[in-house]
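The structure appears right after this line, and notes come after that.
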Amino acid sequence: MKNIEITDKAEIEEILKSVPICHIALVDNNLPYVFPMNFGYENNIIYIHSAPTGRKIEIFKKNNAVSISMEKDSELSIRHKEVACSYSMKFRSIIIFGKVQFIEDFEEKINALNLIMRQYTNRNDFTYNAPAVNGVAVMKIEIEKLTARKRGYC
């Protein structure tokens, strides 16, 4: 089984809209820092939210370049049980490069939060109170480069 690049936009969109968790990679003082995040996606933009303080927020402010990894449909594939090299993984994955931008506008934050909620509920009609919206950091990552691959799926 070989890795195959996914070029079909519909398949890429389906992955982006159905993956529950992404892993975001940053660099802080030449050290990698990776963490899992829930997210929302729409129109070539990844939306995330976080507490307004903490390590990732400080890193974003110093170096806003990120790489995002996500995968789905991972499962072990075995051709011959006795041959170790015949074991591999089936998967569909995406790697994204972009830059984090903080969203400050109240209505834009609500829209982003609704997109995050839609990722998990298929709804985007939630209500929010002002203290909650003002007390959360909401960010967007415009996709500058995206590669998608699959293995074991036609």
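None of the figures in this text is laboratory data; all of them are computed from the coordinates on show. Here the structure is a predicted model, which is why all the values come from computation and not from measurement. With ideal geometry, Cβ positions are generated from the backbone for all residues, glycine too; neighbour counts draw on all protein chains shown.
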For the chain, list the DSSP H helices whose alpha carbon atoms reach 20 Å or more along the long axis and whose average Kyte-Doolittle value is -0.5 or above?
106-121
Any idea what the dipole of segment 4-151 comes to, in debye rounded to 20, about its Cα centre with Lys/Arg Cβ at +1 and Asp/Glu Cβ at -1?
460
Cut-off under 25 Å on the C-alpha distance; same-chain residues fewer than 8 positions from K62 excluded. Which lysines are left, in chain and number order?
K99, K109, K140, K145
Intensity falloff of segment 1-61 expressed as log10 I(q)/I(0), Debye formula with alpha-carbon point scatterers, at q = 0.14 Å⁻¹
-0.56
Checking segment 107-154 for chymotrypsin sites (Phe, Trp or Tyr not before Pro) in a loop per DSSP with at most 13 other beta-carbon atoms within 10 Å yields F126, Y153
Under Stokes-Einstein, the chain at 4 °C and 1.567 mPa s, with its Kirkwood radius over C-alpha pairs, diffuses with a coefficient in µm²/s of 76
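Take the Cβ-Cβ distance between S88 and A51 as r, set R0 to 41 Å, and report the resulting FRET efficiency rounded to the nearest 0.05.
Details: r = 39 Å, r/R0 = 0.95.
The pair S88/A51 has a calculated efficiency of 0.60.
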Which order do peptides 31-38, 91-98 fall in by mean Cβ count within 10 Å, highest first?
91-98, 31-38
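Within 10 Å, Cβ to Cβ, of S93, how many net charges do the neighbouring residues add up to if Lys/Arg are +1 and Asp/Glu are -1? Don't skip to the end; give the middle numbers.
On the way: positive: K72, R92, R149, K150, R151; negative: E71, D73.
Local net charge: +3.
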DSSP loop GluC sites (Glu not before Pro) with at most 11 other Cβ within 10 Å: longest gap in the chain:
1-81
